[in-house]
Amino acid sequence: MGHAEYAKRGKPDILCAAISALTIGTVCSLEELAGERLKITENEETGFLKCDFESVLQEKSAFLMDSMVFSLENISREYGRKYLQVKFEEV
């Protein structure tokens with residue numbers, strides 16, 4: 001079963017795949033396209049991903065993050081908070 005637990009056991013979890021594509025794609029874009037230095041913490045087993053920025057976000061990086069959050073919030077509204085909850089923590 002996928003991390004989102006959207007699909008039935010033994011079936012591909014399209015919701016988990018969509019969330020993974022958005023988050024991993026954004027992290028890769030932040031590093032490769034925007035040149036951000038990131039500290040990434042992840043647990044593939046649980047689906048946990050944390051990304052700490054080592055400096056203040058550039059404008060293009062903020063745009064990438066806003067785009068990812070916008071897409072994740074849309075998925076949450078479409079499929080329900082049971083499967084995806086978007087939470088923010090600013091430090």
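The values are calculated or read from the model by the stated rules, or taken from the named source; none is laboratory data. Everything numeric in this text was worked out from a predicted model, so none of it was measured. All Cβ positions, glycine included, derive from the backbone under ideal geometry; neighbour counts span all protein chains shown. Accessible surface areas use protein heavy atoms only, side chains included; no ligands, DNA or RNA. Shrake-Rupley method; radii C 1.70, N 1.55, O 1.52, S 1.80 Å.
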Name the pairs whose Cβ atoms lie under 6 Å apart, with the first residue in segment 25-50 and under 19 Å from GLN85 (Cα atoms), the second among the aliphatic types (A, V, I, L, M), and 6 or more positions between them or separate chains?
THR26/LEU64; THR26/MET68; GLU42/LEU49
Which pairs have Cβ atoms under 7 Å, sit 6 or more apart or on different chains, and link a residue in segment 72-91 that is free of Cβ contacts under 8 Å to residues at least 24 places away in the same chain and open to solvent by less than 60 Å² (accessible area, probe 1.4 Å) to one that is aliphatic (A, V, I, L, M) and not in a loop (DSSP other than H, G, I, E, B)?
VAL86/VAL69; VAL86/LEU72
When (1) open to solvent by less than 40 Å² (accessible area, probe 1.4 Å); (2) in a loop (DSSP other than H, G, I, E, B) are applied to CYS16, the one that fails is (2)
Quick check: anything in segment 36-59 aromatic (Phe, Trp, Tyr), in a helix (DSSP H, G or I) and open to solvent by 70 Å² or more (accessible area, probe 1.4 Å)?
no
Need pairs with beta-carbon distance below 8 Å; first residue closer than 13 Å to LEU33 by Cβ and within segment 53-66, second at pLDDT 95 or above and open to solvent by 70 Å² or more (accessible area, probe 1.4 Å); sequence gap 6+ or separate chains.
LYS60/LEU33; LEU64/LEU33
